[in-house]
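Let me begin by presenting the structure, written as C-alpha cells, before commenting on it.
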Amino acid sequence: MRDRIPVVVQGRRRGLLARGLWGAAELAVTAGVVVMLLVVHQVWWTNRQAVADAREQVAVLEEAWGRGDGAELPAPPDPEAVPRPYPSETPSDPSSSGAPLPDGPPVAAPSRTSVPAEGPAAREQAYAVLRIPRLGVAVPVAQGVSRRGVLDKGYVGHYPGTGRPGAQGNFALAGHRNTHGEPFRYINRLRVGDELVVDVKGKRFVYVVGKTLGETSERDTGVIAAVPRSTVRPQYGYSEPGAYITLTTCTPEYSSKYRLVVWGTLKSSERRTPAVSGRG
C-alpha cells in the first residue's frame, strides 16, 4: 500500500488561501471604487448641480425684479434677538440644536427673545444676490443658514437676527467653502478695498472690504454681532456702530475646525431697475 503524498493536501490549502486572498482583494478594490465614486459625487457632482441651480435662481430673481415682482427684504431683526439659525424642519439638522454649522460662524443657543421662525418656504426663499467682482461670484442670498434648505443649494445664507442689507447693523452671511457650489471658497483672497455688491428688489448696496480674520473659533459669536468684533481675538473687528457686512466660512479647506471671516462697510446705495434676463 502506497503512502499518501502530503504535498497534495498542501496544494489544496494553498489553493484555498489564494482564492481567499483574491476574494479579499476584489472586495478591497470594490470598496475603493465605491468610496471614490462617493467622493466624486460629493466634490464634483454636488458642486456642478449647486452652481447650476444657483445661477438659475439668480436669473429668476433678475427676471422677477425686471417685472416688478420678487421677494421683499426681510423684516428688521428684533433688537433683543440672539443671532442664530432658524429651527430646522427636521430635528436632525444641526441648525435646530444651536450646533455650529459647517460654514457658518459660531451659533448662539436659542433664546426666548429670538425672532419667531417663519415657515420653511418663506425663510429659505432667495431674496437678494451677492456679487463679489474680484472672485467672479454671483450667488443668491436666502433667509436662514440651514444646510439642506439653503447652503447645500449653493446659496448664501443670511443669519437670522442680524441686520438687513444696506441698513445699520451687521448683514451677516454664511456660505460653503467646499462642495455644494462653494461660493465662499476663495474669500480668503479678498483684500481691503474690494467691493461686495448686494442687489435686492429695486436697490443695490455696495460694501467695501475693510478687515479680515483668518481664523477663529466656530463659536465666536462676536463676529456676527451688530458691531462685529471677535470675542476670541478682540483685536479684530470694529468698535463703533455702522452698516456692516460679514462673510463667514470654514477654514482650512475641507475642514470645519475654524471660521474665516471677512468684514466690509457700506460704501453706497442706489435705486436699480435690472434688465430682464433672457433665457431660452
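If only one of Val209, Val223, Val198 is closer than 27 Å to Ala64 by Cα and among the β-branched types (Val, Ile, Thr), which one is it? When all the criteria are applied, what remains is Val198. Taking first residues from segment 55-71 that are closer than 13 Å to Val200 by Cα and in contact (Cβ under 8 Å) with a residue 12 or more places away in the chain and partners that are part of a loop (DSSP other than H, G, I, E, B) and β-branched (Val, Ile, Thr), the Cβ contacts under 8 Å between residues at least 6 apart in sequence or on separate chains come to Glu62/Val276; Glu63/Val276; Trp65/Thr273; Gly66/Thr273; Gly66/Val276.
Residue check: Val200 meets all listed conditions (1) more than 20 Å from the chain's Cα centre (by Cα); (2) crowded, with 18+ Cβ neighbours inside 10 Å; (3) over 15 Å from Ala172 (Cβ atoms); (4) not hydroxyl-bearing (Ser, Thr, Tyr) but one, namely (1).
Contact map, segment 196-220: residues that are within 17 Å of Val141 (Cβ to Cβ) paired with residues that are part of a strand (DSSP E or B) and among the polar types (S, T, N, Q), Cβ distance under 6 Å, separation 6+ or inter-chain. Pairs shown: Phe205/Ser269; Val206/Ser268.
Of the residues making up segment 243-266, none is within 17 Å of Phe171 (Cα to Cα), modelled with pLDDT of 95 or more and assigned to a loop (DSSP other than H, G, I, E, B). Among the residues of segment 121-143, is there at least one that is surrounded by fewer than 16 Cβ atoms within 10 Å (Cβ to Cβ), modelled with pLDDT under 90 and part of a loop (DSSP other than H, G, I, E, B)? No, segment 121-143 contains no residue that is surrounded by fewer than 16 Cβ atoms within 10 Å (Cβ to Cβ), modelled with pLDDT under 90 and part of a loop (DSSP other than H, G, I, E, B). Taking the stated definitions as given, is Thr212 part of a strand (DSSP E or B) and either at pLDDT below 95 or touching a strand residue (DSSP E or B) at 6+ places or on another chain (Cβ under 7 Å) (or both)? Taking the combined requirement at face value, the residue satisfies it. Examine segment 233-251 for a residue that is over 30 Å from Glu62 (Cα atoms), touching a Pro at 6+ places or on another chain (Cβ under 8 Å) and touching a residue at least 40 places away in the same chain (Cβ under 8 Å), and state whether such a residue exists. No, every residue in segment 233-251 fails to be over 30 Å from Glu62 (Cα atoms), touching a Pro at 6+ places or on another chain (Cβ under 8 Å) and touching a residue at least 40 places away in the same chain (Cβ under 8 Å).
The values are calculated or read from the model by the stated rules, or taken from the named source; none is laboratory data. Since we're looking at a predicted model, the values are computed, not measured. Quick reminder, even Gly has a Cβ in these numbers, built from the backbone with ideal geometry, and neighbours come from all protein chains shown.
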